[in-house]
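The values are calculated or read from the model by the stated rules, or taken from the named source; none is laboratory data. All of these numbers come straight from a predicted model, not from anything done at the bench. Don't worry about glycine lacking a Cβ; one is built from the backbone with ideal geometry, like all the others, and counts go over all protein chains shown. Areas reflect the complete protein model, heavy atoms only, side chains present, ligands, DNA and RNA absent. Shrake-Rupley method; radii C 1.70, N 1.55, O 1.52, S 1.80 Å.
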Amino acid sequence: MTYRHSSELPPAAMTALRKGCVLPAHPLVLNSARELDKVRQRAIARYYADAGAGGLAIGVHTTQFAIRDVGLYEPVLELAAETMRSWGGPDKLLIAGVTGRTEQAKKEAETARGLGYHAMLLNLARFRGASEDEILEHCRRLTQEMPVIGFALLPAVGGFHLSYDFWRRFAQLENVIAIKMAPFDRYRTLDIVRAVYDAGAEDRITLYTGNDDHIGLDLMVPFVVRSADGSSERRARIRGGLLGHWSVWVRPAVEMLDRIHAVPDGADIPEDILALDSIITDCNGAIYDAHNNLKGCIPGCLDVLRRQGLVEGTWCLDPNEVLSPGQAEAIDRVHAQYPEMNDDAFVANNLNRWLSERGQDLPLVA
């Protein structure tokens, strides 16, 4: 089945997207020769499905943009889609990262659509320096290919900031179903929230956090959106997350989001849930190498998976992309201080199931 318009998407998948779910950004798993490790690449997707993630996103920053330069874009998308469908079922969301200027992006969208992906996460990094009108026209053309999740990407990893006016016009594009907000900037995040609501698109576009530095409160706290004259007020909510940070320790992330969703809109948020925000941010600071301008963010995610046995090393396509000095020790610290944030036991109990060729014959151990 292929999907060109949001009206064609499976109802269960759309329900999951609208409710809000954990969408891990799937990393690229290489062996020591820097070749694709298909067994462990597959194991990661199986882990996400069994941990309760709502699906996955691949071909994104955490997967390494350079997969396009070495002929791995289609192979990793195909492997992830086949694995998630066979292991997690047909209702798990499949999100494909799409980037480049318009012709390249259209080819990537065609590839993703042909593999049965539900939506693209549209990366605009190659349009740095272009006018917002040109960028919006690019987005409009891509919405004709398949459903689109917008992406506000911070400059530290190749993105750039766009205006409130751009996001309001973007929200009016019919085939946009969600926006991942990852400016790592509270002002810019508020711009996007207001833009979606001011465009009258809040029932069609679901807001997802990509702000790894503010995951907890993004998901817990409502955003006030008032009319121009202040006479009416609505409360906006970010419902889920599409995050590199959620490429690891997925089981606790799912449990946390379930706890947040269990609190009715307008109710007081328990203090112990609010306290999770600083814990998550501290963990992310170590894993994402925040004090080194995120240089070690991908190796940091891979290192957590390595410690659990899911991958064998932190190898990236670029040999210079490695853990920063002191980053391993920082991960040691948060792992020891916040044991409730990891799922080491869950992974240990099921690792053979995920690595085995006939893993589905082995029981899932909670």
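Just to check your reading of the model, which residue among 334, 365, 322 is among the β-branched types (Val, Ile, Thr), farther than 26 Å from residue 83 by Cα and free of Cβ contacts under 8 Å to residues at least 40 places away in the same chain? Spell out how you get there, then give the answer.
Values: 334 fails: free of Cβ contacts under 8 Å to residues at least 40 places away in the same chain; 365 fails: farther than 26 Å from residue 83 by Cα.
Selected residue: 322, the only one of 334, 365, 322 that is among the β-branched types (Val, Ile, Thr), farther than 26 Å from residue 83 by Cα and free of Cβ contacts under 8 Å to residues at least 40 places away in the same chain.
Suppose the filter is charged (D, E, K, R), assigned to a loop (DSSP other than H, G, I, E, B) and over 22 Å from residue 238 (Cα atoms); does residue 145 pass it? Give the derivation first.
Working: charged (D, E, K, R): yes; assigned to a loop (DSSP other than H, G, I, E, B): yes; over 22 Å from residue 238 (Cα atoms): yes.
Yes: the conditions hold for residue 145.
Please verify whether segment 333-342 includes one or more residues that are basic (Lys, Arg), touching a Leu at 6+ places or on another chain (Cβ under 9 Å) and farther than 24 Å from residue 61 by Cβ.
Checked against the condition, which is being basic (Lys, Arg), touching a Leu at 6+ places or on another chain (Cβ under 9 Å) and farther than 24 Å from residue 61 by Cβ, segment 333-342 yields no hits at all.
Give 80, 45 a once-over and let me know the one that is over 21 Å from residue 122 (Cβ atoms) and touching a His at 6+ places or on another chain (Cβ under 8 Å).
Going through 80, 45 in turn, just one is over 21 Å from residue 122 (Cβ atoms) and touching a His at 6+ places or on another chain (Cβ under 8 Å): 45.
Residue 130 is checked against (1) modelled with pLDDT of 95 or more; (2) of a type outside the set (Phe, Trp, Tyr); (3) part of a helix (DSSP H, G or I) and fails just one. What number does that condition carry?
(3)
Restricting to segment 126-184, what's the tally of residues that are touching a residue at least 24 places away in the same chain (Cβ under 8 Å), open to solvent by 60 Å² or more (accessible area, probe 1.4 Å) and either over 25 Å from residue 62 (Cα atoms) or among the aliphatic types (A, V, I, L, M) (or both)?
Going through segment 126-184 one residue at a time, the tally reaches 8.
Just need a number here: residues in segment 237-256 that are open to solvent by less than 10 Å² (accessible area, probe 1.4 Å), within 21 Å of residue 307 (Cβ to Cβ) and not in a helix (DSSP H, G or I).
3
Residues are listed down the side, and each one gets a yes or a no for (1) modelled with pLDDT of 95 or more; (2) more than 21 Å from the chain's Cα centre (by Cα); (3) over 23 Å from residue 32 (Cβ atoms):
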{"residue": "286", "(1), (2), (3)": "yes, no, yes"}
{"residue": "298", "(1), (2), (3)": "yes, no, no"}
{"residue": "303", "(1), (2), (3)": "yes, no, no"}
{"residue": "307", "(1), (2), (3)": "yes, yes, no"}
{"residue": "324", "(1), (2), (3)": "yes, yes, no"}
{"residue": "336", "(1), (2), (3)": "yes, yes, yes"}
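May I ask you to list pairs of residues, at least six apart or on different chains, whose Cβ atoms are under 7 Å apart, with the first in segment 35-63 being farther than 17 Å from residue 307 by Cα and the second being among the acidic types (Asp, Glu)?
If the second residue must be among the acidic types (Asp, Glu), the pairs left are 51/343.
Show me the helices (runs of 4 or more DSSP H) entirely contained within segment 257-343 in which 1 or more residues are among the polar types (S, T, N, Q), crowded, with 18+ Cβ neighbours inside 10 Å and touching a strand residue (DSSP E or B) at 6+ places or on another chain (Cβ under 7 Å).
Those helices (runs of 4 or more DSSP H) do not exist here; none qualify.
Looking at segment 185-215 only, could you name the residues that are crowded, with 22+ Cβ neighbours inside 10 Å, more than 11 Å from residue 243 (Cβ to Cβ) and of a type in the set (Gly, Ala, Ser)?
Across segment 185-215, the qualifying residue is only 195.
Please work out if residue 142 is under 20 Å from residue 189 (Cβ atoms) and of a type outside the set (S, T, N, Q).
No; evaluated as a whole, the condition is false for this residue.
Got a number for residues in segment 101-123 being of a type in the set (Asp, Glu) and more than 13 Å from residue 68 (Cβ to Cβ)?
2
Among the residues of segment 224-251, count how many are more than 14 Å from the chain's Cα centre (by Cα) and more than 19 Å from residue 150 (Cα to Cα).
The first filter runs over segment 224-251 and keeps only residues more than 14 Å from the chain's Cα centre (by Cα), leaving 224-237, 251.
When the remaining residues are screened for being more than 19 Å from residue 150 (Cα to Cα), the result is 224-235, 251.
So the answer is 13.
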